[in-house]
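The values are calculated or read from the model by the stated rules, or taken from the named source; none is laboratory data. In this text the structure is predicted, and so the values were computed from the model without any measurement. Virtual Cβ from ideal backbone geometry, glycine too; neighbours counted across all protein chains shown. Just the protein is used for accessible areas: all its heavy atoms, side chains included, with ligands, DNA and RNA removed. Shrake-Rupley method; radii C 1.70, N 1.55, O 1.52, S 1.80 Å.
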Amino acid sequence: MKAVQVTGYGDVDMLEVVDIPIPDPKENEVLVKVKACAINNTEIWMREGAYGTGSKSGWRPEGVQFPRTPGSDISGTIVKVGALVEESMVGKDVVLFPFTSSGIEGEEHISEDMSFIGSEYDGGYAEYVVWPAELCLDMPLPSFEESAVFSVSGLTAWHMVKQIHIQPGETIMVTGANGGVGSLNVQIASKVFGAKVIAIVGDLNGEERMKELGATHVLSYKSENLSEEILEVSGGPIDSVLDVVGDALLPTSLQVLKKGGKFCISGSAGGQKTELDFRTLYLKHITMYGSVLGTREEFKDMLQAIAEGKIKPVIDKAFPLDKAKEAQMYFKEKGKLGKILLLPEE
């Protein structure tokens, strides 16, 4: 089968299109013919060494083992099952819950042995992938492309919203609102949990599209008076911030939060380190949450909301599998709205 492997730490030259054997499912696994795989920051940062190199590079202490096939947002059709899996699963169209874990229910994502597809296991930049049968769930939508865009970014966004306990009518600021996680934060916070959303983007040309996704107000981070604009449109300090940017917008976020406000971060595309005056936190009684991925129950709740039409897929562009280098380079460009897909050729 055709696959794209990361051969080591570095730029897109570390991605190599190869021809390797189709994997065989173990007794509790299934073989999935990949129909679509969406791109996430995680596989790019893993390749670039942003999580570290050597023993700290992955989700497990031993680090990423190269070569590795990346890709975690996967939809496809089950074509073969292991010895302990019911034969009736063959032919099912599924999406993959993106990690294994021995953690108890509700704490799977914080278990020490949490292992991620595309990092600790070979993932979806390939024509086929094997995965535990119990972690393959029915697709929420008829389209493989549309069903593939939610797994990691959607679960991350859903968990972020759940962590800050959004109440209907609260005002929530979403940074990076045009990206994969951000655009889903907008939808989930507004259309599932009933919040008023201030979406922060770079280019205001996409304002109408952001409002279609559920944003009440759309502002640009390029504004010299962003804090004042946020306070003006919200009528005062806001309840919570859902952040994927990090350093670049942290001072603004803390400034516009109300006393007792909540700040939840799941990414740091705008800077991974920052200076923080702790007085801001304790004098304003701000609660900070670190967040990534979520629980199996949250994944199922998200799929149900997608099936009910409360959350819509947002796709920017699709590339064939052998154009993975170009797709990852495009992913890092500014001004997109939604997810980037890799599609194995039929």
From a point 7 Å beyond the Cα of LYS300 in the direction of its Cβ, which residues of segment 151-170 have a backbone N at a distance under 17 Å?
155, 159
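With the contact rule set at Cα under 8 Å and sequence spacing of 6 or more, what percent relative contact order holds for the chain?
Value for the chain: 18 percent.
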In what sequence, largest accessible area first, do LYS317, LYS300 appear using a 1.4 Å probe?
LYS300, LYS317
Length added when fully stretched, ASN28-ALA83, from 0.36 nm per residue minus Cα-Cα
19.1 nm
What's the extension gain from GLU208 to SER227 if we count 0.36 nm per residue and subtract their Cα-Cα distance?
4.7 nm
For segment 231-278, Rg(Cα) over 2.2 N^0.38 Å is 1.13
Share of carbon and sulfur in the accessible heavy-atom surface of the chain [1.4 Å probe, %]
49 percent
Between PRO132, PRO21, PRO98, which gets the highest mean-square fluctuation from a Gaussian network model of the chain, Cα cutoff 10 Å?
PRO21
The chain, helix-only ellipticity at 222 nm - DSSP H runs n ≥ 4, -39,500 (n - 2.57), divided by all residues, nearest 500
-6500 deg cm²/dmol
Choice from GLU87, GLU224, GLU27 showing the highest fluctuation, given a GNM over the chain with Cα pairs closer than 10 Å
GLU224
